[in-house]
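To start, the structure itself, in structure tokens.
The values are calculated or read from the model by the stated rules, or taken from the named source; none is laboratory data. Bear in mind the structure is a predicted one, so any value in this text is a computation, not a measurement. Virtual Cβ from ideal backbone geometry, glycine too; neighbours counted across all protein chains shown. Just the protein is used for accessible areas: all its heavy atoms, side chains included, with ligands, DNA and RNA removed. Shrake-Rupley method; radii C 1.70, N 1.55, O 1.52, S 1.80 Å.
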Amino acid sequence: MTATLAASSLFVLAACGGSDQQTDQATADAANSSSSDSSKVEGGTTALKIAESGFGQQDEYVWSTAVVNVGKLKPGSFVVVNFNLYDASGQLVKSGSQTEQTYKTGQALVLGTQIDVPADKKVAKLEATVSSSNDMTPSSTDEVTLGAVSVVSDAYGETNAKFEISNQTDKPLMTPRIAVVCKDGAGKINGGGSEFPELVPPKGKTMANTYLVTSGKPVSCKAYYNGPM
């Protein structure tokens, strides 16, 4: 996304959806899920929240959806939702995001996206986080922790770097600049890639699947945080 982003509000909701592939555990998670909203606008009115969210899965394809109440956001505001998909054991399987622009105050804005997961993975839980962002310079004190990189092949045979991005701050982190460096068996750089996730939730995480360009299969890869966009 080319627009300059900065966070103005936030809401986290854990929910489950889907068809006959939905598990009993997922249903229980949805029933017991809780929500919180720490974002306010002038006068104490809630500016932004997820009204409902869910997903559907067919084989390795998952469609994630969130219905967002934009509250008093002005028309033309950008809204971004991060979707985290978990399996029944609570492991983060894959993440995705979607950005839309509001056209009127108080509208119900639907954000949805397809997320491809490994063919042997069944999604049991969806965690959706929303933020609205407009012109504001990101803080240089944003703290990001990057997990160990796993080199994996996707369904199309392409090589990707898979790793978690964790936001240690209490504010949404918008489009952080992540670089991946890969090396061959001799310890020399043989390629890499880059990642610019649209949203990393405050005190939360997202999963990166970064496309790699390398000479041969890399022996190791490491992710580096280059700062906010």
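Per residue, the accessible area of the stretch 106-220 comes to 49 Å², computed with a 1.4 Å probe over protein heavy atoms only. State, to one decimal in nm, how far the label point of residue 189 lies from the label point of residue 110, with both points 7 Å from Cα in the Cβ direction. Taking the simple label geometry, residue 189 and residue 110 are separated by 4.5 nm. Evaluate the Debye formula for the stretch 113-229 with equal point scatterers sitting on the alpha carbons, no solvent, and hand back log10 of I(q)/I(0) at q = 0.14, 0.16, 0.19 Å⁻¹, in q order, two decimals. Normalising to I(0) and taking log10 leaves -0.65, -0.82, -1.06.
The listed peptides 93-100, 81-88, 207-214, ordered by packing as a protection proxy, come out as 81-88, 93-100, 207-214 (highest mean of other Cβ atoms within 10 Å first). Within the same chain, lysines fewer than 8 places from residue 203 are excluded, and of the rest, those with a Cα less than 23 Å from its Cα are 40, 49, 94, 125, 162, 171, 222.
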